[in-house]
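Read the structure below first, then the notes.
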Amino acid sequence: MINKIVQTMADAMADIKDGSTVLVSGFGSVGQPNVLIDGLIEQGAKDLTIAANNAGSGHVGLARLMELGRVRRIICSFPRSSDPVVFETLYRAGKIELEIVPQGTLAERIRAAGAGVPAFFTATGVGTKMAVGKEHREINGRTYILEDALFGDLGLVEAWEADRWGNLTYKLAGRNFNPIVAMASKLTVVQTQHIRELGDIHPDHIVTPGIFVDRVLHVPYGDPGGF
Amino acid sequence: MSATTAEFKPFSRVMMAQNVAADIPEGWYVNLGIGIPTAVADHVPLDREVIFHSENGVLGMGPAPEKDKIEPWLINAGKQYVTLRAGGSMCHHADSFAMIRGGHLDLCVLGAFQVADNGDIANWATSENDTAPAVGGAMDLAAGAKRLWVLMEHTAKDGSAKLVSKCTYPLTAMAAVKRVYTNLATVDVTERGFVVLNMAPGLTFENLQARTEAKLHLPA
């Protein structure tokens, strides 16, 4: 019997190695796997590359992981947030590398990784400093730049519902990066608000089929809070 | 300058948003950038069906919710609570940006630091050495939407021109802007350069040119 549901955070975070690239979903605090990020903090892996839309807020979650010196490099589109104090302090001190990526290019790099596309051409960023050092090609009269796929060793996902096969649904804007993070990561770990019996999620409503999911932890925390 | 300033009345923030809203026809799919552009939606009547998109996977956004009807799982790209209209839908981030990058949006309205008369836009950083530059979805929107309009003050807080012959700030996209709405005028970006469509009441063309670094043209 396939059962991807794990009972403890230790099981959810087992075997995560130093030096991993970790794709973290979330936009604001909606659809952000905060409990799994805390689990990663507890687990202890270091020298991490984190890819996420934002670079953390306050002194919790991703910001806490960075504050503990566990993140070597962050790949994001918008390092500013309501309270980006940890990131900005580390960045100014030269203690963290930053790769800024346009948000759509970030999403497409993750999607491409999940789809087995190693790189793709895009018009986004042409003529800007994002294009510096990148391969340019003219296709049908328009100039494009080559962007690499962004693969995760680990993907952290927040779902609304999950079953033991790892089939997932999401709630409203909580979907954001979650389905593509699940596709692009070698090990996809999910925190879910609800566990459903196999067959109880209508097949038409499953957004992420379980093939993209490895471990599911039940975390019924309720509604997202501030941003 | 004060003598001439007294002769005209700049468009207020509300009027600027109204000017943009008046030009959006029913049926368009529209993304409004963070800041002044967000207010444009307030001036499109609900019976004119314009479908608003937000980068975080929301299509068919409605007005802001009443305080006691907030849905904590429904926010826009500015991380404000929003509502969904009947017919609204959710998608993931890559699909949402496929709407943008795939040329499916009829219009995007962004704020800007500078717009050049060849359509170049600079709206994400004011220095090459910004400590931690944040680009978000601006480059995708500027390069991907069918039309890019800019909504901004005509001049910067220090009085310097924002409609320029060449952007001095880091670019967001090249040759992307089609029209600019400011507190002083509405200006099209054409092969001739900036063409003035509309001016604040009482403002003369010469007076507008004096506040604009790039050369302005009257409609042919």
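The values are calculated or read from the model by the stated rules, or taken from the named source; none is laboratory data. Everything numeric in this text was worked out from a predicted model, so none of it was measured. Cβ atoms come from the backbone with ideal geometry, glycine included; neighbour counts cover every protein chain shown. Side chains included, ligands, DNA and RNA excluded: accessible areas come from the protein's heavy atoms. Shrake-Rupley method; radii C 1.70, N 1.55, O 1.52, S 1.80 Å.
Model label sites at B:K157 and A:K17, defined 7 Å from Cα along the beta-carbon direction, differ in position by 5.0 nm. Could you point to the residue in B:G102, B:V195, B:A143 farthest towards the positive end of the range B:102-220's charge dipole, with +1 and -1 charges on the Cβ of Lys/Arg and Asp/Glu respectively? In the range B:102-220, that residue is B:V195.
Suppose R0 equals 22 Å. What FRET efficiency, 1/(1 + (r/R0)^6) with r the Cβ-Cβ distance, do B:K146 and B:R192 give to the nearest 0.05? If you can, show how the numbers build up before the last one.
Details: r = 22 Å, r/R0 = 0.98.
It comes to 0.55.
When B:I51, A:I41, B:I24 are compared by accessible area at a 1.4 angstrom probe, the order from most to least is B:I51, A:I41, B:I24. In loop segments of the range B:77-169 as defined by DSSP, the trypsin sites (Lys or Arg not before Pro) with at most 14 further C-beta atoms inside 10 Å of their C-beta are B:K146, B:K157, B:K166.
Placing unit charges on C-beta atoms (Lys and Arg positive, Asp and Glu negative, everything else neutral), compute the dipole magnitude of the protein assembly as shown about its Cα centre in debye, rounded to 20. Mind dumping the intermediate values first?
Details: 40 positive and 48 negative charges, 122 e Å.
Roughly 580 debye, rounded to the nearest 20.
Over the range A:5-218, accessible surface divided per residue gives 40 Å², non-protein components excluded, 1.4 Å probe.
Rolling a 1.4 angstrom probe over the protein assembly as shown with all protein chains present gives an accessible area of which 52% lies on carbon and sulfur atoms. Length gained on full extension, A:A93 to A:D223: 43.2 nm, using 0.36 nm per residue less the C-alpha separation. The alpha carbon centroids of the range A:36-85 and the range B:49-91 are separated by 28 Å.
Computed on protein heavy atoms with a 1.4 Å probe, what is the summed buried accessible area for the chain pair B and A, in Å² to the nearest 100? Could you put the intermediate results ahead of the total?
Values: alone 11430 and 11150 Å², together 19040 Å².
Buried: approximately 3500 Å² between A and B.
Across the range B:186-199, computed HN-Hα scalar couplings (Karplus, 6.51 cos²θ - 1.76 cosθ + 1.60, θ = phi - 60°) run 10, 10, 8, 9, 10, 5, 7, x, 6, 10, 7, 9, 6, 10 Hz from first to last residue, x flagging Gly and Pro. A dipole drawn for the range A:1-120 from +1 and -1 charges on Cβ atoms has a positive end, and of A:G61, A:A119, A:G44 the residue lying farthest that way is A:A119. Going from the isolated chain to the complete set of protein chains, the range A:175-216 loses at least 40 Å² of heavy-atom accessible area (1.4 Å probe) at A:R175, A:N176.
Counting Lys +1, Arg +1, Asp -1, Glu -1, what net charge surrounds A:I37 among other residues with beta carbon under 14 Å of its beta carbon?
That works out to -2.
For the range B:66-164, the set of chymotrypsin sites (Phe, Trp or Tyr not before Pro) satisfying both a DSSP loop assignment and a count of at most 16 other C-beta atoms within 10 Å is empty.
A DSSP coil position with no more than 14 other Cβ atoms inside 10 Å describes the following trypsin sites (Lys or Arg not before Pro) in the range B:183-220: B:R192, B:K215. At a probe radius of 1.4 angstrom, the accessible area of the range B:41-187 per residue rounds to 38 square angstrom. Between A:E138 and A:I195, the simple label model (points 7 Å from Cα in the Cβ direction) yields a spacing of 6.0 nm. At a 1.4 Å probe, which residues in the range B:137-180 are at least 50 Å² less accessible with all protein chains present than in their chain isolated? Output list: B:M139, B:A143. Measuring heavy-atom accessible area with a 1.4 angstrom probe and counting protein chains only, the residues of the range A:57-103 that give up at least 50 Å² relative to the chain alone are A:R80, A:Q103.
Please return the longest stretch of chain A lacking exposed loop sites, where trypsin sites (Lys or Arg not before Pro) count only if DSSP places them in a loop and at most 12 other Cβ atoms lie within 10 Å. Let's see the in-between values first.
Details: sites that count: A:K17, A:K95.
With trypsin sites (Lys or Arg not before Pro) excluded where exposed in loops, chain A gives A:96-227 as its longest stretch.
If you plug the beta carbon distance of B:H104 and B:Y81 into 1/(1 + (r/R0)^6) with R0 = 45 Å, you get a FRET efficiency near 0.95. Positive end of the dipole of chain A (Cβ unit charges, origin at the Cα centre): among A:L156, A:G94, A:P220, the Cα lying farthest that way belongs to A:G94. Spin-label pair A:V117-B:S89: with each label point 7 Å from Cα along the Cα-Cβ axis, the two points sit 1.9 nm from one another. In a reduced charge model with +1 at each Lys and Arg Cβ and -1 at each Asp and Glu Cβ, the range A:5-218 shows a dipole moment near 560 debye about its Cα centre. For the pair the range B:120-164 and the range B:99-115, the centres of their Cα atoms are 11 angstrom apart.
Just to confirm the number: angle between the C-alpha axis of helix B:13-22 and the first principal axis of chain B, 0 to 90 degrees, nearest 10? Computed tilt is about 70 degrees. Straightening the chain between A:R164 and A:D148 buys 2.5 nm, computed as 0.36 nm per residue apart minus the Cα-Cα spacing. Note on B:K178: lysines with a C-alpha under 30 Å away, same-chain residues under 8 apart excluded, are A:K129, A:K134, B:K9, B:K79, B:K146, B:K157, B:K162, B:K166, B:K215.
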